[in-house]
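*Asks:* Structure below; questions to follow.
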């Protein structure tokens, strides 16, 4: 959008160029050629637009009560068109803009005019109305509606609410535009036949020889022009076709010896007006002394509908121009231009208008970046207004009938036939329904009915499109290889549903179906009372950050055999059974297999809102259903208002009771992120397997001896060439079965072998490994620093994250620092960077008192030479860590 200074500079520059052009003969010729081309395109636009404006006038004042004054009313519409063009030429950011009285508000104005006529006739009691009262009430009401529409559009643009008016459903607008076409067709039939056609019930009036003869040429001409324009694209087709109608008509009169007056008597041409009023005489019709305000106030609902449709249509026009221009336009600014144009037109007694995008694009493609085109159009329209004669008294009705038939065919075919490829079936049905309701009843009822049906269609579509889906996710916590393998086998005990959008009464059934479909329980187990949860320590003020100790339900889960049960599993809806006992033995070694559901997580991160019906009929029912089977319901990423609703419906436990260690039996927990919820569930699964993280209970010793022993235990074992048999309690065949698991270490009940040269002794570790102690919050390494080795987490935990500054520099929408992963006891830091010889990609920070065992690159290379067997264990640990990460990434949806 150009500033005032830029516009002044542009004007001065163009003036300078024109002066220079007059000094240079070659430039002078080019400048004159530009003037000729601009004037020519202005005339061509005028030739196309003037008949259109005359047709629009006949549509607005289609009621038979206005026929005696049609000549004057046409001049009033032409005056309004000239005012619109003047405003767009003067204020639009598009120098080639063409703006006129437009079809979007046309039907509303016509509906207002017809409603006023009917209302005045009823109030008179005799069915007749004084001409002064009829014209004054109608014209002032339409002018005031236009001016108020302009003010509303200006305010909408000022408040930058152009996107708000675009909420009107496109199928409803399509049905309305199709009705405009049908309305134009009826107006054309009424004008050509001389019969009053106010709806489908009046069509039988046309079923006579005289009427059919009068309307047939116009219908056939309009349809023929439409088919030619559909097949060929050329700017001269329409003007040439319309001019041909005039030539053929007057040649027919000459060949048949029929005078123009005889043609008027037979109905082919409109009669001469009794008096030829000037534009100044026309404005004498605006006499407020004759205005019936009771009829004016009844038009408010129609005006509201007109506001939304005109604003929406104007936005579509701007979008079409923007697409042709290839440069983004400011919709709010352009809407203000339309508003100012309507305000001035309304003050001048005119009618609603907007961009005529077809003629604007036509001028744009001629590469005429000049306001002279609009000036020429405005000038010619004013000349026609000032003419002392009536145009329609010399132009045959078939001319206007053909033009109105063309408009009708274009709009109806576009939105009632071609639109089937641009919309879904249900949206296409809404188009037809809006069109038929408008035809059968009236404009307001049709639009309201269309909006209501479109709303129900949206609700149905929103329900059918899944707002909930099952996701396979893991927490961003890196553990030792043993714990990661256990989690991989039992992770399906955690069921995570990701919710999306707005949860309302319509989506409740879908969510409950997904809950029943994804939860697995043992087929033979009984239902139990809700499970017990108690807080491990007081909350820090927010219920979402409360940490709990979970007491497993039903059966003892504190041993590994719990997850190896062969009981049949079933879903809660009994639609599908999982016969784990009948699965092939080799399936036991798969990374994923169905297990009984222990935890059920609802992720609310993508939820925009929840209504009370969904809380009551869905979330609370889910809690009760899961509690019957001893399954813990966990909420993640709750918004504050959703959390308040859950508290209000007694779904979440009261924060006061939780904080002070109430023993109340509860079955729900809440975490502020999905990652924290998954981390808590994984910790519980490990605890059920008898694995207790030492980082939570062990103290860090100053000499780090226990950590070295732990590291030797966690490092993968190697298969030695010369080994010492420690224990043999099984046969060779039993041993071969366990070897298939390829876990890097042999179970206690199998043959265990130890390579003496691969043992990481205290002396060897003291030479290669450096113990580093970090307190909570202390930085381990910083993003961008050189990689000098790898870190083994002996005890404690470390968070790896992308700092806020780097995260926010990635683009809009990224806020704060982003945690990449948490590395716990037994995990390794910096493996990928070391193997890729890169700098650290993230920052690492201790989250608790942490003991790190650091192996530098230099020491690792020396270890490969002096202690290759031990080095191979470290190398294998790094490779298994990366391989496990890839496998977990393939399984999860992270």
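*Asks:* Scan segment 287-309 for residues that are surrounded by 16 or more Cβ atoms within 10 Å (Cβ to Cβ), under 40 Å from the mean Cα position of the chain (by Cα) and in a loop (DSSP other than H, G, I, E, B) and report the count.
*Replies:* The total comes to 1.
Rundown of residues vs (1) over 19 Å from residue 307 (Cα atoms); (2) free of Cβ contacts under 8 Å to residues at least 24 places away in the same chain, yes/no style:
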| position | (1), (2) |
| --- | --- |
| 326 | yes, yes |
| 337 | no, no |
| 343 | no, no |
| 356 | no, no |
| 359 | yes, no |
| 364 | yes, no |
| 367 | yes, yes |
| 372 | yes, no |
| 377 | yes, no |
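*Asks:* Does segment 789-796 contain at least one residue that is surrounded by 15 or more Cβ atoms within 10 Å (Cβ to Cβ), in contact with a strand residue (DSSP E or B) (Cβ under 6 Å, 6 or more places away or on another chain) and at pLDDT below 85?
*Replies:* yes
*Asks:* Hey, another quick one. Looking at segment 157-178, can you tell me whether even one residue there is crowded, with 17+ Cβ neighbours inside 10 Å, modelled with pLDDT of 90 or more, closer than 30 Å to residue 355 by Cα and more than 43 Å from the chain's Cα centre (by Cα)?
*Replies:* So far as segment 157-178 goes, no, none of its residues is crowded, with 17+ Cβ neighbours inside 10 Å, modelled with pLDDT of 90 or more, closer than 30 Å to residue 355 by Cα and more than 43 Å from the chain's Cα centre (by Cα).
*Asks:* Next question, about the same structure. Against the conditions (1) surrounded by 15 or more Cβ atoms within 10 Å (Cβ to Cβ); (2) within 20 Å of residue 668 (Cα to Cα); (3) modelled with pLDDT of 50 or more, where does residue 533 fall short? Just the number, please.
*Replies:* (3)
*Asks:* Within segment 122-155, track down each residue that is more than 26 Å from residue 81 (Cβ to Cβ) and either buried (at least 20 other Cβ atoms within 10 Å of the Cβ) or at pLDDT below 90 (or both).
*Replies:* Across segment 122-155, the qualifying residues are 122, 123, 124, 125, 126, 127, 128, 129, 130.
The values are calculated or read from the model by the stated rules, or taken from the named source; none is laboratory data. Remember, predicted model here, so these are calculated numbers, not experimental data. Here the Cβ is made from the backbone with ideal geometry for all residues, glycine too, and neighbour counts use every protein chain on show.
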